[in-house]
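Each remark here refers to the structure printed beneath this line.
The values are calculated or read from the model by the stated rules, or taken from the named source; none is laboratory data. Please read these numbers as outputs of a predicted model, since none were measured by experiment. Please note: Cβ atoms are built from the backbone with ideal geometry, for glycine as well, and neighbour counts cover all protein chains shown. We work out accessible area using only protein heavy atoms, side chains counted, and drop any ligands, DNA or RNA first. Shrake-Rupley method; radii C 1.70, N 1.55, O 1.52, S 1.80 Å.
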Amino acid sequence: MAANGNGNVAIENGSVRNGPGKIQTQKSHNGICHDDSGPTVKAQTIDELHSLQQKKSAPSTPVTGSQTPFATLSDQERQKMQLQSISASLASLTRETGPKVVKGDPAKNPKVAHVTHHQHVAPTIAVSDSSLKFTHVLYNLSPAELYEQAIKYEKGSFITSNGAMATLSGAKTGRSPRDKRVVKDDVTENELWWGKGSPNIEMDEQTFLVNRERAVDYLNSLDKVFVNDQFLNWDPENQIKVRIVSARAYHSLFMHNMCIRPTPEELENFGTPDFTIYNAGQFPCNRFTHYMTSSTSIDLNLARREMVILGTQYAGEMKKGLFSVMHYLMPKRQILSLHSGCNMGKDGDVALFFGLSGTGKTTLSTDHNRYLIGDDEHCWSENCVSNIEGGCYAKCIDLSREKEPDIWNAIRFGTVLENVVFDEHNREVDYSDKSVTENTRAAYPIEFIPNAKLPCVGPHPKNVILLACDAFGVLPPVSKLSLAQTMYHFISGYTALVAGTEDGIKEPQATFSACFGAAFIMLHPTKYAAMLAEKMERHGATGWLVNTGWSGGSYGSGNRIKLQYTRKIIDAIHNGSLLDAEYKKSEIFGLETPIEVEGVPSEILDPVNVWSDKEAYNETLLKLAGLFKNNFETFTNYRIGNGDTLTEEILAAGPIF
Ligand SMILES: Nc1ncnc2c1ncn2[C@@H]1O[C@H](COP(=O)(O)OP(=O)(O)O)[C@@H](O)[C@H]1O
Ligand SMILES: C=C(OP(=O)(O)O)C(=O)O
Ligand SMILES: [Ca+2]
Ligand SMILES: [Mn+2]
């Protein structure tokens, strides 16, 4: 007998437990002890036993009458083409052939030399060490497999008490917009927005190829790489196939959650991707390379339809990098790409929530009384709105079960929890802990939200809500906007950046970001604005400006508007009651503000009421108005839409003082 660590005694041999506290000892007739009280396994050895544990995944779907070129292939041919496609993705551009790729974990397939698809090719003489080795590909692994990979091989990966996978993103805990570069060639030179205010910092094709080679060589030097083949955009007519090659299980699980997950049948017929990301993560760029100003480089090549990530493991770069690509590809098809959340009421009324990071897109679109279409990236086409992604990326700082129950409950098995702090023993997460970063995040598939709208598409929006987190505390909690005002504020894209999401921002700071997403747009802001104006007008959508920021003073003296009140304001927009409310016009900004909103103290609706120092309020209001005016100077030479009328109205829709 031996103590089992709980102070209890376990019986090792010759006896069985039979209900609590009742121990029977049996002796067989020949004196040898047998435990034959239960059925036994059908295995002679441990290896045999282990081989019973895992069964083959369901066989591939039988070929139906579908018209895809892959449908007529045998399973073997299809597998071969899939490996060839991955090998081509991973090919160096300076060597003749791609790497020898083999599917599966190298720890489980030690004798790979006999299973490569190169076996029919006449033997060649290896010209480099890299052509002697295999690149093991972990292809579209399941969350459970990715958990195992992360926990076995990636330091800093843990299962938290809610079942989520906690991980660290390394030195970078936010995006690095100053390290994002776009290849300027004959086409993009004319098509894209360059220069002041533009997020597109130029690089040349040659430098891109240098960085691409660096990433590919790094990835091929690893024991194994993760490859995700997935989709973007729930609108079936405008879906984009993406391939993400990465070094970490964390990155693979993140993209599994954030992109649209293919069915087994869709995966079999995937073919070649429309766009590929090479994420070399921690492996830096070389600062002796032309254009490189730090160890981090995020490089976009639209002609090659490729992106290279060097020197950052922050997973948000991949998600937002693909968003930039959509901001280029979709407008070419007359589809508007939107940095917005989106949800739908029981009656089919759709609302968009525009806003920069930290303004409340995720929080407010995740509404228990409405269907969630998506929290961050959408397309608005001739026919519908559609989510670009298959998951949500919520901030976790100070997350509470009571205030945000749906997000809280979405943090479970399968969810990636980035940079959170948890108890070393019971693994309970402390969402208030900022020891690693303020920008703690949870990435989960959209179906983890119980009232997600699947597929994530909806009819034309009825309300367009512009969220601004005003750190000055002078914008009203809600205003109803004219079309021209909506465009003015859309182009301005004002907010206060909340600490942490972008590198180097330690406290809220006033910022203007055109289209509420200047870091991601590829064309001039007025192109997107013109499309939005045209769509809003045609479908009779109403614009609103909602301040989710400070009230009763600026950051430091006032307080952030209670989420509870913002939710009531949003409810009143959705249910139509705010459209018919009584309004008054605010000074300077000329914003129509309601006198009353159900469930919200009326005094806060006009910010001046809750500032104790009225003079300070007036000064701050004028200061902010000045910042708006300065910012808009760069747009005064552009025309929006076809005639001049809208342009003139927009120019008159800003603050007057
Ligand atoms: N009045 C408010 N409205 C919206 N969010 C608020 C409010 N007060 C505090 N918050 C917090 O601000 C953060 C908003 O972030 P999030 O919804 O992730 O923004 P986004 O998705 O636009 O980046 C959340 O952590 C939320 O809990
Ligand atoms: C992932 C991001 O988006 P958001 O903060 O808007 O959720 C980001 O800006 O890095
Ligand atoms: Ca929160
Ligand atoms: Mn968000």
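See the values below:
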read-out: Test result for Ser131, of a type in the set (Gly, Ala, Ser), touching a residue at least 12 places away in the same chain (Cβ under 8 Å) and more than 21 Å from Asn419 (Cβ to Cβ); value: yes
read-out: Selection within the range 394-411 - surrounded by fewer than 14 Cβ atoms within 10 Å (Cβ to Cβ) and either within 13 Å of ligand 2 (Cβ to nearest atom) or assigned to a loop (DSSP other than H, G, I, E, B) (or both); value: Asp398, Ser400, Arg401, Glu402
read-out: Residues of the range 283-301 classified as open to solvent by 20 Å² or more (accessible area, probe 1.4 Å) and within 21 Å of Ser324 (Cα to Cα), total; value: 1
read-out: Leu267, sole failed condition from (1) open to solvent by 10 Å² or more (accessible area, probe 1.4 Å); (2) hydrophobic (A, V, I, L, M, F, W, C); (3) in contact with a Leu (Cβ under 6 Å, 6 or more places away or on another chain); value: (3)
read-out: Residue among Ala471, Ala484 that alone is of a type in the set (A, V, I, L, M), closer than 27 Å to Tyr565 by Cβ and outside the structural domain of Glu317 (by TED's automatic domain parsing); value: Ala471
read-out: Among the residues listed as Ser60, Ser130, the single one being at pLDDT below 85, among the small types (Gly, Ala, Ser), in contact with an Asp or Glu (Cβ under 9 Å, 6 or more places away or on another chain) and not in a loop (DSSP other than H, G, I, E, B); value: Ser130
read-out: Within the range 458-509, tally of residues that are modelled with pLDDT under 95, among the small types (Gly, Ala, Ser), surrounded by 20 or more Cβ atoms within 10 Å (Cβ to Cβ) and away from ligand 4 (no atom under 16 Å from the Cβ); value: 2
read-out: Single condition Phe589 does not satisfy, out of (1) more than 33 Å from the chain's Cα centre (by Cα); (2) aromatic (Phe, Trp, Tyr); (3) open to solvent by 30 Å² or more (accessible area, probe 1.4 Å); value: (3)
read-out: Search result, residues across the range 155-184 that are assigned to a loop (DSSP other than H, G, I, E, B) and crowded, with 16+ Cβ neighbours inside 10 Å; value: Ser157, Thr160, Asn162, Ala164, Leu168, Ser169, Gly170, Lys172, Thr173, Gly174, Ser176, Lys184
read-out: Filtered residues of the range 460-494 (kept if among the β-branched types (Val, Ile, Thr) and not in a loop (DSSP other than H, G, I, E, B)); value: Val464, Ile465, Val478, Thr486, Ile491
read-out: Verdict on Trp408 being aromatic (Phe, Trp, Tyr) and away from ligand 1 (no atom under 16 Å from the Cβ); value: no
read-out: Close pairs (6 angstrom Cβ cut-off, 6 or more residues apart or separate chains): assigned by TED's automatic domain parsing to the domain that holds Leu532 in the range 623-651, open to solvent by 60 Å² or more (accessible area, probe 1.4 Å) anywhere; value: Ala625/Phe657; Thr647/Arg639
read-out: Criterion (of a type in the set (Phe, Trp, Tyr) and either part of a strand (DSSP E or B) or farther than 16 Å from Gly390 by Cβ (or both)) met by exactly one of Phe288, Phe254, Phe270; value: Phe288
read-out: Positions within the range 199-219 being in a loop (DSSP other than H, G, I, E, B) and surrounded by fewer than 19 Cβ atoms within 10 Å (Cβ to Cβ), in sequence order; value: Asp204
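The rows are residues; the columns are (1) closer than 22 Å to Phe512 by Cβ; (2) open to solvent by less than 10 Å² (accessible area, probe 1.4 Å).
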{"site": "Ser340", "(1), (2)": "yes, yes"}
{"site": "Leu352", "(1), (2)": "yes, yes"}
{"site": "Leu356", "(1), (2)": "yes, no"}
{"site": "Thr359", "(1), (2)": "yes, yes"}
{"site": "Tyr371", "(1), (2)": "no, no"}
{"site": "Asp375", "(1), (2)": "no, yes"}
{"site": "Cys379", "(1), (2)": "no, yes"}
{"site": "Glu382", "(1), (2)": "no, no"}
